[in-house]
Amino acid sequence: MLIAQLADIHLGHRQYGLEERLEDYNRAFLNAVDRLTQLREERGVDTVIISGDFFDTQRPSPSIYITAIRGLTRLREVGIKVIAIRGNHDSSVINSIENPLAVLHQMGLIQYLDNDYVDLGGVRVIGVGTVYTDMQSKLVNSLNALRGNGINIAVIHQYIEGAPYIYPMPNVDVFMINEKPLAQLGIDYFAVGHIHEHGLRHPRINAVYPGSLEVWDAREFEVYEYADGRLRKAKDIDPKGFLLLDVGGNGVKVSSVRLGVSRRLVRVKLRYDEAKPSAVRGDVSYIASNMDQRGSLVILEIEGKVASGYSTRDFNAIELRKLFTKAWVDIRLSLERQVSERPVKVFGGINEIIRQALRSRLGNEELVNTLMDIIERVRVDDEDGALKTLEGVVGVPLRGGKSITDWLGASK
């Protein structure tokens, strides 16, 4: 039996506030549907598991529902069954009943599982939605109670302790599950979601993350370093795609299906011991001549020290950005004056100003990333997403039946 496993599709995610990136996430899902229909014809894939975060918010817009319905309808038409659980973006952990997956379930487009299972011949697929770390015993007990006699696949949306991710996410610890109790369950395979790196395997448990279908983090971009008038590639863009589960008498074997990204995503790093405005402008102009392509997204990270006789005010990110006329570009200037006891930095945008202010005050990069995520969600009117992320920071549910005074321990 061949089962496809997807996760972290995040329909509705508008990366960097760009409409183009919203469409990229839509396109990535529909491209995955195309590949799944091919695998249905070529290899007989008839079931898809979605391991959480199908949507980016629990209140997707009508246009996002339309994209979801379009893709899922096509899978249904070719005879592919879709099984899904809720991730931390799909619904509130505390009040999980009302969520967009329930709508798709009622339409017959998916089978939504939450503390439930479905049998596929001799294979039992158990689905349990996201829980907070301090509620992990509830998840483990549910999985234990729902196990069958044949092969068991547990679908969860959590970070499993010990999985060696490269790019830390702001809420990894909030949704972590300890390795030991999962290992003791005797589950044949954990179809996990939440970490966005494609093909990330747990070293001791049979658990693999499909990762997101589209690039989520700038650290996943194609990376170049500029030095001595030349561009040198330091890293290819990170792979994206989904997984194929070959389920049989020997258990569950996992292979990867790669998908291409929607556009070129590039980071270029420039480092100066003595930065002069004319030299920086000339270097950025050269980079633009090589990378200013329509549809591309380019981030320039310019770091180092300012040459003697110049001020950080002599470097203008807005003017440097004008050297690009086709690509979307973000200039991130972080230059220090050599004569200043307290380095003065100039930044290429309000987001970087806020980020550096938080970093200097908090000294905790993970918390800074989380707060920036909250700010971005508020900016795009994603109130639920902002509250959800804030819940992860404070470790206290901010929505649901209880009032905030109850959580603060105030007397009634």
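The values are calculated or read from the model by the stated rules, or taken from the named source; none is laboratory data. If you're wondering where the values come from, they're calculated on a predicted model, not measured in any experiment. Virtual Cβ from ideal backbone geometry, glycine too; neighbours counted across all protein chains shown. Each accessible area value is taken on the protein alone, full model and side chains, heavy atoms only, with ligands, DNA and RNA left out. Shrake-Rupley method; radii C 1.70, N 1.55, O 1.52, S 1.80 Å.
The stretch 292-309 and the stretch 40-102 have Cα centres lying 39 Å from one another. All C-alpha pair distances within the stretch 7-127, sorted into 5 Å bins from zero, spread as 2, 11, 21, 25, 20, 13, 6, 2, 0, 0 percent across the bins. Compared with the dominant principal axis of the Cα atoms in the chain, helix 383-394 is inclined by about 90°. With the largest listed first and rounded to whole Å, the semi-axes of the equivalent ellipsoid of the stretch 200-259 from the Cα gyration tensor are 34, 11, 10. For residue 231, the accessible surface of its heavy atoms amounts to roughly 50 Å² (probe 1.4 Å, protein chains only, rounded to the nearest 10). Estimated from helices alone, the mean residue ellipticity of the chain at 222 nm is -9500 deg cm²/dmol (sum of -39500 (n - 2.57) over DSSP H runs with n ≥ 4, per residue). A 1.4 Å probe over all protein chains sorts 21, 263, 43 by accessible area into 43, 263, 21, starting with the largest. Spatial offset of the stretch 19-33 relative to the stretch 238-279 amounts to 16 Å, using the alpha carbon center of each. Across the accessible surface of the stretch 258-325, with the other protein chains kept in place and a 1.4 Å probe, carbon and sulfur atoms take up 42 percent. The residues of the chain expose, per residue, 46 Å² of accessible area to a 1.4 Å probe. Once you've got the Cα coordinates, tell me which of 180/388; 235/276; 276/322; 233/269; 276/305; 235/269 are over 21 Å apart. As for pairs spanning more than 21 Å Cα to Cα, those are 180/388; 235/276. Here the stretch 30-64 is scanned for amide nitrogen atoms under 15 Å from the site 7 Å beyond the Cα of residue 219 along Cα-to-Cβ, giving none.
Could you tell me how many degrees, from 0 to 90 and to the nearest 10, lie between the Cα long axis of helix 19-43 and the main elongation axis, the longest principal axis, of the Cα atoms of the chain? Its long axis makes an angle of about 40 degrees.
Extension gain for the segment residue 180 to residue 147, taken as residue separation times 0.36 nm less the Cα-Cα distance, is 10.1 nm to one decimal. Measuring nothing but protein heavy atoms, the accessible surface of the stretch 53-94 at 1.4 Å probe radius is 53 percent carbon and sulfur.
With a simple spin-label model that places each label point 7 Å from the Cα along the Cα-to-Cβ direction, the separation between residue 334 and residue 2 comes to 4.5 nm. For the chain, the longest principal axis of the alpha carbon atoms and the long axis of helix 136-146 meet at an angle near 30°. One decimal place: the segment residue 61-residue 360 gains 104.0 nm when fully extended, by the rule 0.36 nm per residue minus the C-alpha distance. Charge dipole of the chain (Cα centre as origin; +1 on each Lys and Arg Cβ, -1 on each Asp and Glu Cβ, all else neutral): 500 debye, rounded to the nearest 20. Which log10 I(q)/I(0) values does the chain give at q = 0.06, 0.07, 0.11, 0.13 Å⁻¹ under the Debye formula, counting every alpha carbon as one identical point scatterer? Computed log10 I(q)/I(0) values: -0.28, -0.38, -0.87, -1.12. Subtracting the Cα-Cα distance of residue 95 and residue 165 from 0.36 nm times their residue separation leaves 22.3 nm of extension gain. Between residue 256 and residue 233, the FRET efficiency from the beta-carbon distance, with R0 = 22 Å, is close to 0.45. In terms of overall dimensions, the C-alpha atoms belonging to the stretch 142-257 reach 64, 31, 21 Å along their principal axes, ordered largest to smallest.
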